[in-house]
Each structure stands twice: as C-alpha cells, then as structure tokens.
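Each value in this text was obtained by applying a stated rule to the coordinates, not by laboratory testing. Note that the structure is predicted; figures quoted are calculated from it, not measured. Please note: Cβ atoms are built from the backbone with ideal geometry, for glycine as well, and neighbour counts cover all protein chains shown.
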C-alpha cells in the first residue's frame, strides 16, 4: 500500500489538498469574518449585505460562461496559452458588464429589496465592478488549476481573506456598505497580485491585455457553454436562496441563514476540492479518469462523513460563537447541511465524471434537477420550517442526483471499485 507521504505527492491529492485548504480557509476565515459581522453589525445589515454579495455572485456566475471549465479542459493542449487566457478574460469582462447591467435594470422584478442599488450611481457602478472582479478572479483561479498549480490558487484565496478580515471592523461605520466593501477590496487586491506576480511565473512573457481571438473562443465556447448552463443550474439554488429568504422571511432571517450556509459550505470542502482536482487530472489523462474519480470518491466520503458528524452533533455550540440568536435560529439548518454533506461529495464527483466524458446533456439534466428540487422543496417547506427548509431542499436534491447517478453508472462503479481494491497502489493518472 502507498504511504500517506507518497499519496500526498500525487497530483490528484496534492492539488486537491491545496483546493481543500482553500475551502477550509474560506470556511475558517468566513467563520471569524461573519462572527465579527454579527458583533459589529445589526442582523438586518448582515442580511442585506449577504443578499448583495449573493447577487454579485449570481452576476459573476452568469458572466463566467463556463470559461473556467473550458480553460481547465483545453489549456493543457493549447498552443497559444496567452491568447487563450487573454481572450477568456476579455470576454468575461464584457459579459460581466452586460449581466450586471441587466440585473440592475430588473431589480424591481427579481429583488425589490435591493432596488436601493438603482438609487445611487456609486452603488450601481460599485456593484458592476464587483461582479466583474469576481468573474476575473474565478477565471484566473481556473488557469492555476489547469496548470496543476493549485498552490497559486491557495495564495490568491489567502490574500482575499487576510485583507477583508480587518476591514470588516474598520469599515463598520459604513453599515451594510462596510460589509460589501471589505469583501470587494479583498478580491481586488488578490486579482492584482495574481495578474502582476503569479501569472507571469507560469509564463515569463505573459501580460494581461484586451484580446478576442475568435479562433480560440470558437474552440472553447461550445464546451464552456454546456458546462456553464449546468453550473448555473447546479449553483442557482445556492445563489438564489438568500434572495428568496430575504423576500419571504426578511433580512434578519437572511442573516441567520447565511451564517449557517457559510459554516455548512465547509462540509462540502473535500468533495469540491477532489472534484476540481479530479477534473484537472482527468483532462490530462482522460483514459484513466474512471479510476481517478473512484479514488477521489473514497477519500472524499471518508473525510466528509467525519467532519459532518462532528458539526451535526455540535451545531448549537458552534453557532453560539455568533450569539444566542444565531444558535437558536440557525442550528436546524446547519444540521440539515451536515446530513447532506456526504451526498454532496458524491453528486459533485458524478458531475465531474459527466464533464470529463463530455456528456453535457446528462450534466445539464442533473444540474437542473438539483436546482429545481432544492428551490421547490425550500419554498414548499419554508412557511412551516423557516430557514431550515433550505437545508432540507439541499439534502433531498443531492440525494436524488446521487440516486440517479448510482443507477446510471452502477456497472462502471462496481468494476472500478474492484480494480481499486485489487490494485491499491495504482496511480490515478
């Protein structure tokens, strides 16, 4: 059997380790960040700020066009890496302007509580820039993963958190704007560092500049758009739920829910990290992707189940860090997110398998089902169970995706599990 040190040196687990650390740091810093927010800001201000941040994330997701997945899949075999990266970045800036503008124009329809963004030119421009910066950050992160240098992605993420943590206290006098601005400045500085320092390390001659190489984009976009649609569907529930809670239950409930989701996101860390690393490894070795995914699933389930059990049993005490109101209002939601965590690992790796195999139709169907069930169950149960209904919807949605995935790939999974058990020392590359 391979030693732990030998496994840690494998690209699959080494890069997954960095990606996992990124998620862990996001959750850890998020824990302290929102803990400070709970102490220095009113719950209503936290709720409104989280809705603005979720809206910016939604705009970023729309503007991204799935370019990140396309970069990971095609950059390893690209002849002009700089042209691909520059064209991708230029395109997402343009789409970010369009998506952000449309979102602001229609606020009275889909989020009346945020219509205040229309009343200030500064707020509107700031929101547009924030959406673009988020999209560029995600694109650059994908470049690092495609190069199998998740260490750079880790550095990028660390800068975001180190900047925004002290700012949340410094800018408390600005109320809701202070929360949004502290996060925005963190992403701006991380993006600047990546463009000026980290990207040139990958290619000594690289410089970001506006460029639209349509030959590159025409090769990239079909795959990217298929993944984009599936990614939007899969994440739409997570991005829309804060807005739904804000409208249905009010800003205080939105603040309580957001803290639970921040903590709950930590539970999906192993699945997301291993899925991202497995996608990069599978793109470099498609013929061996089945074994890569099998090994990733085994490790992810083991880690997630242990963490989820600890969080489920200690949800109330964990939330006491934010105050008694958060412990009382958010514990039920956090327990449901803990119960859903192992299912999330399997569903994410199933989507990765479909992505590597370019089964975009199945990917979009599965992602759409996850979003529809999560939102549908949440809206149905919210009058009775409050914010906990969103965790119930998330658990049921992922459970249905896992069931469908196991049925459709049961023969493949059994054969690969037998291979993994018979040859535990085989490489996942």
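Observations, loosely collected:
- Relative contact order, percent, the chain [alpha-carbon distance under 8 Å, six or more residues apart]: 23 percent
- Subtracting the Cα-Cα distance of residue 313 and residue 209 from 0.36 nm times their residue separation leaves 32.4 nm of extension gain.
- Gaussian network model of the chain, springs between alpha carbon atoms under 10 Å - residue of 119, 156, 228 with greatest fluctuation: 119
- Most fluctuating residue given options 397, 376, 255, as computed from a GNM of the chain linking Cα atoms under 10 Å: 376
- Kirkwood-based shape ratio for the chain, expressed as Rg/Rh from alpha carbons: 0.95
- For the stretch 196-255 versus the stretch 378-401, the gap between their alpha-carbon centres in whole angstrom: 25 Å
- Here the average projected area of the convex hull drawn through the C-alpha atoms of the stretch 299-370 stands at 5.8 nm².
- Each principal axis of the Cα cloud of the stretch 121-264 was evaluated for its coordinate range; sorted largest first, these ranges are 48, 35, 34 Å.
- In the stretch 191-265, the inverse of the mean reciprocal separation of distinct Cα atoms equals 16.3 Å; this is its Kirkwood hydrodynamic radius.
- Summarising the overall dimensions of the stretch 163-232 from its C-alpha atoms, the Rg and Dmax are 17.9, 50 angstrom.
- Max mean-square fluctuation residue, GNM over the chain, Cα-Cα springs under 10 Å, options 369, 88, 275: 369
- 382, 225 arranged by Cβ crowding within 10 Å, fewest neighbours leading: 225, 382
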